[in-house]
Amino acid sequence: MAEFIYPKLIGAKIRSQLAYRASFAVDFVSQVLAQCYELIVILVLFSQVDALGGFSRDEVLLMYAFAGAAFGVADLFAGQLDNLPTYIRTGSFDVLLMRPLRVLPQIMCSDIRLRRIGRITSAVGVMIYALTHVPIDWSPAKILLTVLTPVAGAVIYSAVWVVACSVCFWIVEGREFANAVTYGSNAFTSYPINVYSRPLRWVMAYVVPGAFVAYYPSLALLGKEDPLGLPGWVGWTSPLVAALAAGVAGLVWRFAVRHYRGTGS
Amino acid sequence: MIEVRELRREFKVATSKGLRRNYKTVTAVDDVTFDVREGEAVGYVGPNGAGKSTTIKMLTGILVPTSGHIRVGGVDPSKQRRDLARRIGVVFGQRSQLWWDLPLKDSFDLLKSIYRVSAPDYRTRLDECVELLGLQEFLVTPVRQLSLGQRMRGEITAALLHAPELLVLDEPTIGLDLESKERLREFLQDINTRRGTTLLLTTHDLDDIERLCPRLMVIDHGKVLADGPLDELRAEVTPERVLVIDLTEPGPAPDVPGVTAVRSEAGGLRHHLTFRRAETTAAALITQVVRQVEVHDLAVVEPEIDDVIRKLYQRQVAQDANR
């Protein structure tokens, strides 16, 4: 029965946001536009060059769309962790701890940011365009991969978000750092990773498993060789990487909350 | 209901000196021991930073003690936080557990699901609170539009929907007007006596204690300075009471044995007389006074709880110095 409370918390938040219809509409449009600016950057870039790291415009758009959709979904649930410093400072975090529920799902469900749907909408639009314009040798497995990729990507981003925001338990103004990691990794994963320098690529692709959000699944869908030399099956491992990332994030979060309550230090 | 033994909680506080960072250990709660029986109503008072909130956070399982032993309803709060949460209610005067943008009723419905309250129980408990606290007129108003007094009534209802055995209130009457305070006190007294809900409340408003709590615990600098019935504490640390008399004509203070005239006001119209409660009663004193002078009005003033607490603290400092 406890599982059914979370949809109710989400519903409550949706109703709360609909209380401010005008501001919701403005936020929604601004999110669509924010996603479009990045799109324009890619389009301008490809008006000057024909390929980026060996990928055509539409192939890059596919990666961009996967990354955008995954980031949008993650932001919907995990984005409110940006408010953690405020929660801690104002004591709202204590209110969450007083309830007979786990804290992380409470934060994720009770402060959902509906306006992020704007970002998801435009990313899905681009995804549909890209999927119909790139050469894909479709098979049932690839259809499944197409559906799973944004989901796995959202889990990976959410895990990154949880880990980055856990820093706020130690450094109250840790939000800047957290944003650099979360928004930074979104910008990173929107492009083929072989265009980046080696140290940056190493950290953002494998330590933060950003390459598994869009780059490797796209390679698998397109049937392309990895210019960096990893075998083809890597593109199919994103759901596993996502599960692993979620596990690590769960442990880090637990450790952080224990620190807050006073046993971790 | 509550069992606390040698409870201690330290915090590390960063003290920056130039670029180097040092850590200093501050003891917020220092060897606190007490018990609260079922059905008791206990006032937990002390100045800001005395350790009240830290104690409450440990009792509710939010903070883990540095050392010591706590049982609330037989449960170790920090280890069984979620189990305990179902059995206790907590109200913080300065933070809300209600959904800001939704009608008050929606918050209650959500809490019903969170605490898994059955529909009939929910119905009766909510109806009772609605009636006793007069919530009907603003039940469908968004919480952000409620006045502070209305919101507090909502918060208390929210904390009672799962029929907690223990209700912890942190500054429940802060910022409320007199009428709202009175209404809350009456209600709290009612659930304490009729339902047998154990109450633990921290407050700065000493009338809260006077009205609600037969037992008072005073804490300062993390230590419990006193624990007992309010009247006893008052008699113990401030044995003197004050009789204030207003005369019809200005004149000297009446001369009664065992009484000291401490102050005259308004050119001899008003006099403050102190007497020891152990030696004479207010009634006997008044009889003697009216025999000597013509009295227009009079009042017996009990020492303010603030004074009692200050004296308790001074006594503690003196004891520490003698040790």
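No lab work stands behind these numbers, since they all come straight from the coordinates. Predicted model, so just to flag it, every value in this text is computed and none were measured. Positions of Cβ are generated from backbone atoms using ideal geometry, with glycine treated the same way; all protein chains shown enter the neighbour counts.
Some observations on this one:
- Whole-number percent relative contact order across the range B:239-302, with pairs defined as alpha carbons under 8 Å at least 6 apart: 49
- Charge tally around A:ALA205: other residues with Cβ under 13 Å, Lys/Arg +1 each, Asp/Glu -1 each, net +1.
- Lysine-lysine proximity count for the range B:2-234, Cα under 19 Å, sequence distance 8 or more or distinct chains: 7
- Among A:LEU97, A:ILE171, A:GLY235 the positive-end extreme of the charge dipole of the range A:20-258 (Cβ point charges): A:LEU97
- Computed from phi, the 3J(HN,Hα) profile of the range A:200-210 under the Karplus parametrisation 6.51, -1.76, 1.60 (θ = phi - 60°) reads 4, 4, 4, 5, 7, 9, 10, 5, 8, x, x Hz, with x in place of Gly and Pro.
- Cα→Cβ-extended label distance, 7 Å offset, between A:VAL29 and A:TYR196, nm: 3.4
- Enclosed volume per residue, in Å³, of the convex hull spanned by Cα atoms of the protein assembly as shown: 223
- 3J(HN,Hα) along the range B:85-94, derived from phi through the Karplus expression 6.51 cos²θ - 1.76 cosθ + 1.60 where θ = phi - 60°, amounts to 4, 6, 10, 10, x, 10, 10, 9, x, 10 Hz, with x in place of Gly and Pro.
- Of B:GLU186, B:GLU171, the sequence from fewest to most neighbouring Cβ atoms within 10 angstrom is B:GLU186, B:GLU171.
- Gyration tensor (alpha-carbon) shape descriptor, the range A:1-156, a/c threshold 1.5: prolate
- Counting neighbouring beta carbons within 10 Å and listing from fewest to most, the residues B:GLU210, B:GLU137, A:GLU38 come out as B:GLU137, B:GLU210, A:GLU38.
- Comparing B:LEU102, B:LEU111, B:LEU216 in a Gaussian network model of chain B where C-alpha atoms under 10 Å apart are linked, the largest mean-square fluctuation is found at B:LEU102.
- The range A:167-238 versus the range B:125-174: alpha-carbon centroid distance in Å: 49
- Cα-projected label distance for B:VAL290 with A:ALA243, points at 7 Å along beta-carbon direction, nm: 8.9
- Hz values of 3J(HN,Hα) by residue in the range A:94-107 - Karplus curve (6.51, -1.76, 1.60), Gly and Pro given as x: 5, 4, 5, 6, 7, 8, x, 10, 6, 6, 4, x, 4, 5
- For the pair B:THR260 and B:ALA318, a Förster radius of 25 Å applied to the C-beta separation gives a FRET efficiency near 0.60, rounded to the nearest 0.05.
- Note on B:THR141 and B:ARG116: the extension gain reaches 6.6 nm, defined as 0.36 nm multiplied by sequence separation minus the Cα-Cα distance.
- Cβ-based charge dipole, the range B:2-234, positive-most Cα from B:GLY134, B:VAL45, B:SER78: B:SER78
- Over the range B:239-302, the Kirkwood radius and the radius of gyration, each from Cα atoms, give a ratio Rg/Rh of 0.92.
- Selection from B:GLY251, B:VAL290, B:LEU269 lying farthest towards where the dipole of the range B:239-302 points positive, charges on Cβ: B:VAL290
- Counted by neighbouring Cβ atoms within 10 Å, the residues B:PHE92, B:PHE34 run from fewest to most as B:PHE34, B:PHE92.
- For B:ASP207 and B:GLU38, a Förster radius of 25 Å and the Cβ-Cβ distance give a FRET efficiency of 0.45, rounded to the nearest 0.05.
- Counting only Cβ charges, +1 for Lys and Arg and -1 for Asp and Glu, the dipole size of the range B:128-184 around its Cα centre is about 200 debye.
- Overall, the range B:239-302 carries a charge dipole of about 200 debye about its Cα centre when +1 sits on the Cβ of Lys and Arg and -1 on the Cβ of Asp and Glu, all other atoms neutral.
- Put a plus charge on the Cβ of each Lys and Arg, a minus charge on the Cβ of each Asp and Glu, and nothing anywhere else: the dipole of the range B:32-153 about its Cα centre is then about 420 debye.
- Computing FRET efficiency as 1/(1 + (r/R0)^6) for B:GLU10 and B:VAL242, where r is the C-beta to C-beta distance and R0 is 45 Å, gives about 0.60.
- Short-range pairs are left out: with C-alpha atoms under 8 Å and at least six residues apart, the relative contact order of chain A is 25 percent.
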